[in-house]
Amino acid sequence: MKVLAGDVGGTNARFALVEVTNAAIQILHERRYPSGSAPGLAPIVRRYLDEVGVSPERACFGIAGPVVDGECRTPNLPWTVSARSLAADTGIPHTTIINDFYAVGYGVGRLGPADLVTLQQGTVVEHGTIALIGAGTGLGEGFLTWDGGRYVVHASEGGHVNLAARDALEWGLRSTLMDEFGHVSYERILSGAGLGHLYSYLAVTGFASERPDVTDEMEHDDPAAVVSRHALAGDDPLSVKALDIFASVFGSQSGNLALTVLATGGVYVAGGIAPRIVAKLQDGSFMTAFRSKGRLSELTSRIPVHVVVSPNVGLLGAAVAAAQ
């Protein structure tokens with residue numbers, strides 16, 4: 001069966017024509033469009049259909065935001081997306097929308113060993129709950145539970161829960177962000193914008209001096225990409241410290257999610273940022289924070305943790321959902 005799959009984030013929207021069978025799944029054609037400059041999802045979908053010249057009967061779009069009764073008000077885009085209206089506007093009769101991490105949940109079962117980097121081998125409990133978390137434009141979370149015959153995907157908006165500071169530096173950061181935003185969630189740190197917040201806070205508090213060439217790069221490039229690049233190169237103390245904190249908070253919240261859903265089937269770290277900073281996630285700061293759960297640290301030390309490095313997991317998951 002050929003279906004249209006979409007992976008729609010706050011920055012980019014990716015669409016693909018995908019062939020789905022019980023034995024295999026194959027992306028036949030894929031394109032990417034900037035989502036931030038579009039007035040809604042339907043115009044981008046119509047553009048893709050016109051450019052590719054296809055008329056699929058089924059489509060599913062994973063969208064970064066809560067989906068309730070077939071409708072989503074996206075937190076990082078000024079859109080309201082309705083599955084019914086989208087079907088009418090695009091001419092695809094069987095159209096569904098799901099949370100983007102709901103789509104990741106469908107996709108993880110179609111990944112192979114080359115699509116993953118393991119941070120902690122752990123011990124998999126057969127049919128144990130699986131947790132999903134990933135940072136990009138926002139912070140996505142989800143989980144899968146076994147219903148006796150298959151895994152069932154559950155969406156979550158856990159990225160918007162209150163940030164819990166763990167030390168004096170994080171308390172100061174949280175206070176500063178509270179003055180600016182009011183509510184301070186984990187997404188305020190664990191996102192592209194969040195990495196920029198970390199860098200700016202460290203600069204203002206005098207942790208180190210800003211390098212003029214780095215700030216100049218930020219004027220012409222995504223600040224998160226600039227910070228990550230210099231942090232991984234180790235040539236800018238502010239960037240290095242910002243990514244240190246990012247990785248530690250990321251690990252801590254991943255561990256929080258693992259305990260919340262008792263993820264004995266493993267934790268999968270997805271999203272746009274993790275594949276770009278795998279080297280940082282492997283240096284120990286992520287897993288130290290993941291395991292540091294007091295009396296439950298022995299439990300978190302046994303939970304498998306994998307980074308999803310495939311960029312297609314959301315598309316594959318949306319395609320599986322469309323076919324079903």
(message) Rg over Rh of region 1-127, using C-alpha atoms and the Kirkwood radius, what does it come to?
(response) 1.00
(request) Compute the distance in nm between two label points, each set 7 Å from the Cα along the Cα-to-Cβ direction, one at residue 221 and one at residue 21. (result) 4.4 nm
(request) Note down the magnitude of the dipole of region 220-324 about its Cα centre, charges +1 on Lys and Arg C-beta and -1 on Asp and Glu C-beta and zero elsewhere, to the nearest 20 debye. (result) 400 debye
(message) I want to check the label-to-label distance for residue 171 and residue 80. Put each point 7 Å from Cα in the C-beta direction and report it in nm to one decimal.
(response) 4.3 nm
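If we count other beta carbons within 10 Å of each Cβ, what is the order of 90, 215, fewest first? Numbers along the way, then the final one.
On the way: 90 22, 215 14.
Starting with the residue having the fewest Cβ neighbours, the order is 215, 90.
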(request) Taking amide H positions as placed in the peptide plane 1.01 Å from N, state which residues far from residue 67 in sequence (5 or more) or on other chains have amide H under 5 Å from it. (result) 99
(request) Straight distance only, please: which aspartates and glutamates reach the Cα of residue 280 with their own Cα at less than 20 Å, same-chain residues fewer than 8 apart left out? (result) 115, 170, 187, 222, 235, 236, 244
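Where Lys and Arg each count +1 and Asp and Glu each count -1, what net charge lies around residue 314 among other residues with Cβ under 11 Å from its Cβ?
Details: positive: 14; negative: 7, 100.
With Lys, Arg at +1 and Asp, Glu at -1, the net is -1.
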(request) Assign unit charges at the C-beta atoms only (+1 for Lys and Arg, -1 for Asp and Glu), then state the dipole size of region 122-303 relative to its Cα centre in Debye, rounded to the nearest 20. (result) 800 debye
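When Lys and Arg each count +1 and Asp and Glu each count -1, what net charge do the other residues less than 14 Å away from residue 34, Cβ to Cβ, add up to?
Working: positive: 14, 31, 32, 47; negative: 7, 222.
Residues close to residue 34 contribute a combined charge of +2.
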(request) Name the most mobile residue of 284, 271, 192, meaning the one with the largest mean-square fluctuation, in a Gaussian network model of the chain with Cα contacts below 10 Å. (result) 284
(request) Run the dipole for the chain about the Cα centre, Lys and Arg Cβ at +1, Asp and Glu Cβ at -1, nothing else charged, and hand back the magnitude in debye, nearest 20. (result) 760 debye
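Exposure proxy check: 52, 227, 81 ranked by fewest other beta carbons within 10 Å?
In order of increasing Cβ crowding within 10 Å: 52, 81, 227.
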(message) Running a GNM on the chain with Cα contacts under 10 Å, which residue among 127, 220, 306 ends up with the highest mean-square fluctuation?
(response) 220
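Between residue 178 and residue 211, what FRET efficiency comes out of the Förster formula 1/(1 + (r/R0)^6) with R0 = 22 Å and r the beta carbon distance, rounded to 0.05? Intermediate results must be reported in sequence, preceding the final value.
Working: r = 28 Å, r/R0 = 1.29.
So the FRET efficiency works out to roughly 0.20.
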(request) Quick one: give the max-minus-min coordinate of the C-alpha atoms of the chain along each principal axis, largest first, in Å. (result) 57, 46, 34
(message) Mean-square fluctuation check for the chain, GNM, Cα pairs under 10 Å: which of 80, 288, 145 is largest?
(response) 80
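Using the count of nearby Cβ atoms within 10 Å as a rough guide to exposure, how do 230, 154, 183 rank from fewest to most? Can you show the working numbers first?
On the way: 230 22, 154 17, 183 11.
The order, fewest Cβ neighbours first, is 183, 154, 230.
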(request) Lys and Arg at +1, Asp and Glu at -1: add these up for the other residues within a Cβ distance under 11 Å of residue 299 and post the number. (result) +3
(message) Can you tell me the convex hull volume per residue for region 122-303, based on C-alpha atoms, in Å³ to the nearest whole number?
(response) 113 Å³
(message) Using helices alone, I'd like the mean residue ellipticity at 222 nm for the chain: each DSSP H run of four-plus residues gives -39500 (n - 2.57), total over residue count, nearest 500.
(response) -11500 deg cm²/dmol
(request) May I ask which residue of 189, 48, 77 lies farthest towards the positive end of the charge dipole of the chain, with charges of +1 (Lys, Arg) and -1 (Asp, Glu) on Cβ and the Cα centre as origin? (result) 48
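A short reminder: the numbers here are calculations on the coordinates, not readings from a lab. Please read all numbers here as calculations on a predicted model, not as lab measurements. Backbone-built Cβ (ideal geometry, glycine too); neighbour counts: all protein chains shown.
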